[in-house]
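Take a look at the structure set out below.
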Amino acid sequence: MAKEAYPFLIPVALLAFLFFEFGLPIWSGLFLALGIFVACFFRDPERSVPVDVEAIVSPADGKVVRVSTGIDGMTEISIFLSVFNVHINRSPIGGRIESICHRPGKFRVAFDERASVENEQNVWTVQNGSRQVKFSQIAGILARRIVSWKRTGDRVEKGERVGLIKFGSRVDIFLPTEVIATVRVGDKVKGGSSIIGRFNHA
């Protein structure tokens, strides 16, 4: 479980205990259920990362809601994270973090297409030699807190944990022209283990 859970989990667990002690089992049960939800939301399972050096892995758990080609030829993949998904974000490739750019913005629902452009977000650029991949942690209507565990200049492994977004969100990833996307709209993906694209040198 991610450490960010404890500021939420400890007060909820304490309230559940106090209501039980004061003979209010219904209220105690409600806070206990809320505590279980919080613990599940911040769960942090281990993932098996593909060893294929050409593979790009998903930066997040969730459902693919958009696969499109931008005017620059890059493939844009949007992944929607519901409150039931794991919200740990992972690096899609190994390399050096060239930049983490924070963009203030709105808090539209994460499945709204406008969220990719208008919502508050952190835009990451990871560079490995001539290979570069960008992805965005995007806040939603509930997720108003983006957490980054890495800094510019840090080196990361493919599939390594880099941060999280709290309570429902969206992650966009931008694949360069030499990458072939391997997912379609409607696919379910897991951060760090699902392959969403491969570098192509043909």
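In nm, to one decimal, how far is the ILE195 label point from the LEU18 one, both placed 7 Å along Cα→Cβ?
Between ILE195 and LEU18, the simple spin-label model gives 5.3 nm.
Using the 10 angstrom Cβ neighbour count as an exposure proxy, how do SER193, SER82, SER136 rank, fewest first? Let's see the in-between values first.
Details: SER193 17, SER82 14, SER136 22.
The fewest-first ordering by Cβ neighbours comes to SER82, SER193, SER136.
Could you derive backbone 3J(HN,Hα) for the stretch 60-69 from the dihedral phi with the Karplus parameters 6.51, -1.76 and 1.60 (θ = phi - 60°), listing whole Hz in sequence and x where the residue is Gly or Pro?
7, 7, x, 10, 6, 10, 7, 9, 9, 10
Can you give the extra length, in nm with one decimal, that the chain gains between LEU30 and ASN128 once fully stretched, where that is 0.36 nm per residue apart less the Cα-Cα distance?
Details: separation 98, 0.36 × 98 = 35.28 nm, distance 4.81 nm.
My answer for the length gained is 30.5 nm.
Quick one: order VAL156, VAL53 by neighbouring beta-carbon count within 10 Å, fewest to most. Before the final figure, lay out the partial values.
Numbers: VAL156 21, VAL53 11.
By the 10 Å Cβ count, ascending, the order reads VAL53, VAL156.
Let me check I've understood the local charge: for SER58, count other residues with C-beta under 9 angstrom from its C-beta, Lys and Arg +1, Asp and Glu -1. What total comes out?
Neighbour charge sum, excluding SER58 itself: +1.
Could you sort 59-65, 129-135 so that the peptide with the highest average Cβ count within 10 Å comes first and the rest follow in order? If you can, show how the numbers build up before the last one.
Numbers: 59-65: 23.1, 129-135: 16.7.
The peptides rank, most packed first, as 59-65, 129-135.
Taking neighbour counts of Cβ atoms within 10 Å as a proxy for exposure, in what order, fewest first, do ILE71, ILE173 appear?
Values: ILE71 5, ILE173 25.
Ascending number of Cβ neighbours within 10 Å: ILE71, ILE173.
A short reminder: the numbers here are calculations on the coordinates, not readings from a lab. Owing to the predicted nature of the structure, the values given are computational and were not obtained by experimental measurement. As a convention, Cβ positions derive from the backbone with ideal geometry for all residues, glycine included, and neighbour counts pool all protein chains shown.
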